[in-house]
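Have a look at the structure below before the remarks.
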Amino acid sequence: MKVTVWNEFIQEKTDPPVAAVYPEGIHTVISEFLKSDGFDVDTAVLEEKDHGLSEQILEQTDVLIWWGHKAHGDVDEKIVDKIQSRILNGMGLIVLHSAHFSKIFKRMMGTTCALGSWREDGKRERVWVIDPTHPISNGIDKYFDIPKTEMYGERFDVPAPDELVFISSFEEGEVFRSGCCYKRGLGKIFYFRPGHETYPIFFQPEVQQVIKNAIKWVAL
Ligand code: ZN
C-alpha cells in the first residue's frame with residue numbers, strides 16, 4: 001500500500017512559530033511516524049511540478065493525506081480533477097484540520113465546508129470516541145486530550161457523515177464533529193480535525209494512531 005502525504009509547505013518556511021514546531025514541514029513529521037511503523041510513504045508539496053502529484057504518482061497512490069491552510073486557491077483545478085477521479089475510482093483521502101477548506105474536500109463534499117466558529121486560544125480539546133466499534137477508533141480510549149489547540153465550532157457545513165467517529169469538545173463549550181467518514185464512488189474519505197500548525201499535535205501518539213487507523217480504513 002502506497003501513502004502520499006501532501007502539504008502546501010509554506011508557513012513552515014515563512015512563519016517562525018510554525019518553523020519552530022515543524023522545521024522540516026508537517027509532511028515530513030507525518031511521513032516519518034508512518035515510515036517508522038512500516039508504511040510505504042512518499043511526500044508531495046505545492047511548489048513541485050503538478051504539486052508533486054503527476055498522473056503516475058496519483059495512479060500509484062492508495063491513500064492521499066492532505067494538509068493545507070494558506071494556499072488552497074493556488075492548487076490547480078486540473079490536479080483537483082485528477083485527484084477527484086482517483087478517489088471515485090478507489091483512492092482513499094485523509095483531510096487534516098484546515099484542509100477542510102481545500103479544493104478537493106469542498107469538491108468531494110459539494111458544500112462550503114465552512115466552520116461555525118474558530119478561535120486560536122491555545123486551550124484544551126477533548127476528542128471523544130463516539131463509535132468505539134469503528135476501526136478508526138481502534139486503540140483509543142473513551143477520549144483523548146490535546147492540551148493546546150485551535151478551536152473549531154459547529155455548525156460545520158458538510159453533508160451528514162456516513163460514519164461519525166469523533167466529536168470534540170472545547171473548554172469554552174463549543175463542540176465539533178472532528179472525525180467524519182464519507183464514501184464517494186469507490187473511494188473513502190476521512191476528515192480529522194486536529195492538526196493546527198503552531199502546536200506539536202502531529203507528534204501526539206493518539207493523533208498518530210488515528211491517522212494510521214484511518215489509512216487502513218480509507219484504503220479498503
Ligand atoms: Zn489551524
message = With the requirement that a residue be open to solvent by less than 40 Å² (accessible area, probe 1.4 Å), away from the ligand (no atom under 16 Å from the Cβ) and assigned to a strand (DSSP E or B), what does the stretch 129-175 give you?
response = VAL129, PHE144, VAL165, PHE166, SER169
ask   = In the stretch 54-107, how many are under 16 Å from GLY195 (Cα atoms) and in a loop (DSSP other than H, G, I, E, B)?
value = 4
inquiry  = Of the residues ARG126, ARG119, only one is in a strand (DSSP E or B), within 16 Å of the ligand (Cβ to nearest atom), modelled with pLDDT of 95 or more and open to solvent by 30 Å² or more (accessible area, probe 1.4 Å); which?
reply    = ARG119
message = Tell me yes or no: at least one residue of the stretch 85-100 is among the charged types (D, E, K, R) and under 19 Å from the mean Cα position of the chain (by Cα).
response = yes
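Taking the condition of being aromatic (Phe, Trp, Tyr) and either open to solvent by less than 10 Å² (accessible area, probe 1.4 Å) or touching a Pro at 6+ places or on another chain (Cβ under 8 Å) (or both), how many residues in the stretch 96-116 meet it? Can you show your working first?
Start the filter on the stretch 96-116 by keeping residues that are aromatic (Phe, Trp, Tyr), which leaves 101, 105.
Pick out the ones that are also either open to solvent by less than 10 Å² (accessible area, probe 1.4 Å) or touching a Pro at 6+ places or on another chain (Cβ under 8 Å) (or both) and you get 105.
Counting residues in the stretch 96-116 that are aromatic (Phe, Trp, Tyr) and either open to solvent by less than 10 Å² (accessible area, probe 1.4 Å) or touching a Pro at 6+ places or on another chain (Cβ under 8 Å) (or both) gives 1.
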remark   = Considering the stretch 177-220, residues that are touching a Phe, Trp or Tyr at 6+ places or on another chain (Cβ under 8 Å) and without any contact (Cβ under 8 Å) to a residue 40 or more places away in the chain, and then whichever is most open to solvent (accessible area, probe 1.4 Å), we arrive at ARG177
key: Enumeration of residues in the stretch 11-20 that are surrounded by fewer than 19 Cβ atoms within 10 Å (Cβ to Cβ) and either in contact with a strand residue (DSSP E or B) (Cβ under 6 Å, 6 or more places away or on another chain) or not small (Gly, Ala, Ser) (or both)   = LYS13, THR14, ASP15, PRO16, PRO17
key: the stretch 43-73, subset in contact with a helix residue (DSSP H, G or I) (Cβ under 9 Å, 6 or more places away or on another chain) and open to solvent by 80 Å² or more (accessible area, probe 1.4 Å), residue nearest to the ligand (Cβ to nearest atom)   = LYS70
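Scanning the stretch 30-52 for residues that are of a type in the set (Gly, Ala, Ser) and assigned to a helix (DSSP H, G or I), which turns out farthest from PHE9 (Cα to Cα)? Before the answer, list the steps.
Taking the stretch 30-52 and keeping what is of a type in the set (Gly, Ala, Ser), we get 31, 36, 38, 44, 52.
Subset that is assigned to a helix (DSSP H, G or I): 31, 52.
Details: SER31: 14, GLY52: 12 Å.
The qualifying residue farthest from PHE9 (Cα to Cα) is SER31.
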key: Single match in ILE79, ILE136, ILE94 (criterion: among the aliphatic types (A, V, I, L, M) and free of Cβ contacts under 8 Å to residues at least 40 places away in the same chain)   = ILE79
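The values are calculated or read from the model by the stated rules, or taken from the named source; none is laboratory data. As the structure is a computational prediction, the values presented were derived from the model and not from experiment. We place every Cβ from the backbone using ideal geometry, glycine too, and count neighbours over all the protein chains shown. Please note that ligands, DNA and RNA were not included when accessible areas were found on the heavy atoms of the full protein model with its side chains. Shrake-Rupley method; radii C 1.70, N 1.55, O 1.52, S 1.80 Å.
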